[in-house]
Amino acid sequence: MIGIFDSGLGGLTIMKELLATLPSYQLLYLGDTARTPYGNRSQAVIYDFTVQAVDYLFKQNCRLVIVACNTASAQALKKLQQEWLPQNYPDRTVLGVVRPLAEVAARQSKLGRVGVVGTRSTVDSNTYVRELTTQKASLKVYQQACPLLVPLIEEGWLKRPETMKILRTYLRPLKRQNIDTLILGCTHYPIIYASFVKVMGKNVSVLDSGKIVAEKLTDYLKRHPEVEANIVKGDNHRFLVTDINENFHAVAKPFLNREIKLEKVILS
Ligand code: DGL
């Protein structure tokens, strides 16, 4: 099985692409809906929650876990990979979303001017800035925290004029910086991908996070046949959450275009 972890429902944007690109692998989604959002929490708390979630997914027999949540990837992944994983599960793999997106952005930006939008925590961590400038030192990176977007999306206000107005306000400074590539550094944002494209205009490439993560994972599995061989195949995909709420259903069902049965679990 491949585990997909997110702080809530946003990781479904990654899951949707994994279902399309790697249909033979059994997927296990875990959304920490009882404790979402992570975006305004401290690094220490995000780290603890992420360890609990990844540990849970490993105990369910996931060989590989994707930390789809950008906030968790930005704030917890490095330490988790360097310290916790070798001590606890040396034979398992945890991958995040920051590096794949940064690699593509660095490669494709012609002007060398990249924008990043995300939660406050992701932006404050500067993880995207570090990763992008590691890929290409000359890159100019402009970040914008968009803390109001997650609640609006969770609320299902996807096409409301209020959401569009807030989005325009957030993106204005990035447009002024003349960026040519935009990273949606939050799992929720691809749910309103078309709105980002509309506001940024035709001169800016808005990266398709789900597609990029799915392509990178496909490539990883090809390069690591020893990992690939140990991943359970099947189509009995399951959705685990730490709290069952109606929002999840209301946004997730039309987005994934399939019936979803939520199972409640406890992380500790
Ligand atoms: N999943 C988070 C992310 O990708 C957004 C929601 C939250 O703040 O927990 O950054």
Original post:
When the residues of segment 132-153 are filtered to those that are closer than 24 Å to Pro37 by Cα and open to solvent by less than 30 Å² (accessible area, probe 1.4 Å), which remaining residue is nearest to the ligand (Cβ to nearest atom)?
Top reply: Val150
**OP:** Mind listing just one residue for me: the one in segment 107-121 that is within 18 Å of Lys175 (Cα to Cα) and buried (at least 19 other Cβ atoms within 10 Å of the Cβ) and, of those, farthest from the ligand (Cβ to nearest atom)?
**Re:** Ser109
Original post:
How many of the residues making up segment 99-130 are under 24 Å from Leu167 (Cα atoms) and charged (D, E, K, R)?
Top reply: 3
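Before we move on, is Arg172 more than 16 Å from the ligand (Cβ to nearest atom), part of a helix (DSSP H, G or I), in contact with a helix residue (DSSP H, G or I) (Cβ under 7 Å, 6 or more places away or on another chain) and without any contact (Cβ under 8 Å) to a residue 40 or more places away in the chain?
No, not satisfied.
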Subject >> Residue in segment 174-196 that is open to solvent by 70 Å² or more (accessible area, probe 1.4 Å) and either under 13 Å from the mean Cα position of the chain (by Cα) or at positive phi (or both) present >> reply: yes
Subject >> Count - residues of segment 175-211 that are of a type in the set (Lys, Arg) and either within 15 Å of the ligand (Cβ to nearest atom) or within 26 Å of Thr21 (Cβ to Cβ) (or both) >> reply: 2
Original post:
From the set of residues in segment 58-101 that are among the basic types (Lys, Arg) and part of a helix (DSSP H, G or I), which is farthest from the ligand (Cβ to nearest atom)?
Top reply: Lys59
Original post:
Is segment 202-222 home to any residue that is within 20 Å of Ile66 (Cα to Cα), among the charged types (D, E, K, R) and either more than 15 Å from the chain's Cα centre (by Cα) or crowded, with 22+ Cβ neighbours inside 10 Å (or both)?
Top reply: yes
Subject >> Residues located in segment 7-57, provided they are surrounded by 21 or more Cβ atoms within 10 Å (Cβ to Cβ) and part of a helix (DSSP H, G or I) >> reply: Leu12, Thr13, Ile14, Met15, Leu18, Ile46, Phe49, Thr50, Ala53, Val54, Tyr56, Leu57
Original post:
Which ones in segment 1-33 are within 12 Å of the ligand (Cβ to nearest atom) and out of contact with any helix residue (DSSP H, G or I) (no Cβ under 8 Å at 6 or more places or on another chain)?
Top reply: Gly11
Subject >> Meets criteria (surrounded by fewer than 18 Cβ atoms within 10 Å (Cβ to Cβ) and in a helix (DSSP H, G or I)) for Lys253 >> reply: yes
Original post:
Could you list, in sequence order, the residues of segment 133-165 that are touching a residue at least 40 places away in the same chain (Cβ under 8 Å) and touching a strand residue (DSSP E or B) at 6+ places or on another chain (Cβ under 9 Å)?
Top reply: Cys146, Leu149
**OP:** Report yes if some residue within segment 211-229 is in contact with a strand residue (DSSP E or B) (Cβ under 7 Å, 6 or more places away or on another chain) and not in a helix (DSSP H, G or I); otherwise report no.
**Re:** no
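The values are calculated or read from the model by the stated rules, or taken from the named source; none is laboratory data. These numbers come from a predicted model, not from an experiment. Counting neighbours? That spans all protein chains shown, and the Cβs are built from the backbone with ideal geometry, glycine included. Keep in mind that these areas ignore ligands, DNA and RNA; they rest on the heavy atoms of the full protein, side chains included. Shrake-Rupley method; radii C 1.70, N 1.55, O 1.52, S 1.80 Å.
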